[in-house]
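Colleague: Input: one structure, supplied below.
The values are calculated or read from the model by the stated rules, or taken from the named source; none is laboratory data. Source: prediction; values computed, not measured. Ideal geometry is used to build each Cβ from the backbone, glycine not excepted, and the neighbour counts take in all protein chains shown.
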Amino acid sequence: MREVLPLSGFGDETMSDIVKQIAQRLRVADGRCPNGHSLMTKEKTLDGQPAIKLRVTFGGHTGTIYLNPFYGKFEYESDIQLERGAVVDLSCPTCGVSLKVDDYCNICNIPMFAVHLPDGGQVEACPTVGCHKHSLTIVDFDQQLERMYVDEETKVQM
Ligand SMILES: [Zn+2]
Ligand SMILES: [Zn+2]
């Protein structure tokens, strides 16, 4: 049986292993634009969950893109043609505000875009089609960690 690890000592697992395990279970359930509009839609589900709906602009065309809400998944559906390597512009479908942020993708060297989370954190991703750069900022990360391990413990006991 897997032991529930205290936050202060991670045994033989590195911090990055732990973060990876947690990230795989994370889903954006309430993503918003900087003006507070929900970006979640039930029009489209990906992996059985409401997708993130954004306005996408590329090559003079503007359309809609649906992103998989699970962290680390890069599945999308768009009604405009996107090719691998295309750098898209993403904005809020309600108010049109750009989701571009000041953090740069360290692979493509261009600004990332962000989906804001209700606790003040955000999920950032690279706007290059095919680039798998994602980063996650969670305010109060320790509390999130703790809660997830509690969930795991509950599951083991059941
Ligand atoms: Zn908005
Ligand atoms: Zn990138």
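Colleague: Identify, please: which residue in the range 84-116 is buried (at least 19 other Cβ atoms within 10 Å of the Cβ) and part of a loop (DSSP other than H, G, I, E, B) and is, among those, farthest from ligand 2 (Cβ to nearest atom)?
Modeller: Ranking the qualifying residues of the range 84-116, first place goes to CYS92.
Colleague: Within the range 18-32, track down each residue that is over 11 Å from the mean Cα position of the chain (by Cα) and modelled with pLDDT of 90 or more.
Modeller: Hit for the range 18-32 is ARG32, nothing else.
Colleague: Would you check if there is a residue in the range 63-81 being surrounded by 15 or more Cβ atoms within 10 Å (Cβ to Cβ), closer than 19 Å to ASP30 by Cβ and hydroxyl-bearing (Ser, Thr, Tyr)?
Modeller: yes
Colleague: May I pose another question? Can you list the strands (runs of 3 or more DSSP E) found entirely within the range 27-83 that contain at least 1 residues being over 15 Å from THR94 (Cα atoms), of a type outside the set (Asp, Glu) and touching an Asp or Glu at 6+ places or on another chain (Cβ under 9 Å)?
Modeller: Fully inside the range 27-83 and qualifying: 40-46, 49-58, 61-67.
Colleague: Can you name the number of the only condition in (1) more than 16 Å from ligand 1 (Cβ to nearest atom); (2) at pLDDT 95 or above that ASN35 fails?
Modeller: (1)
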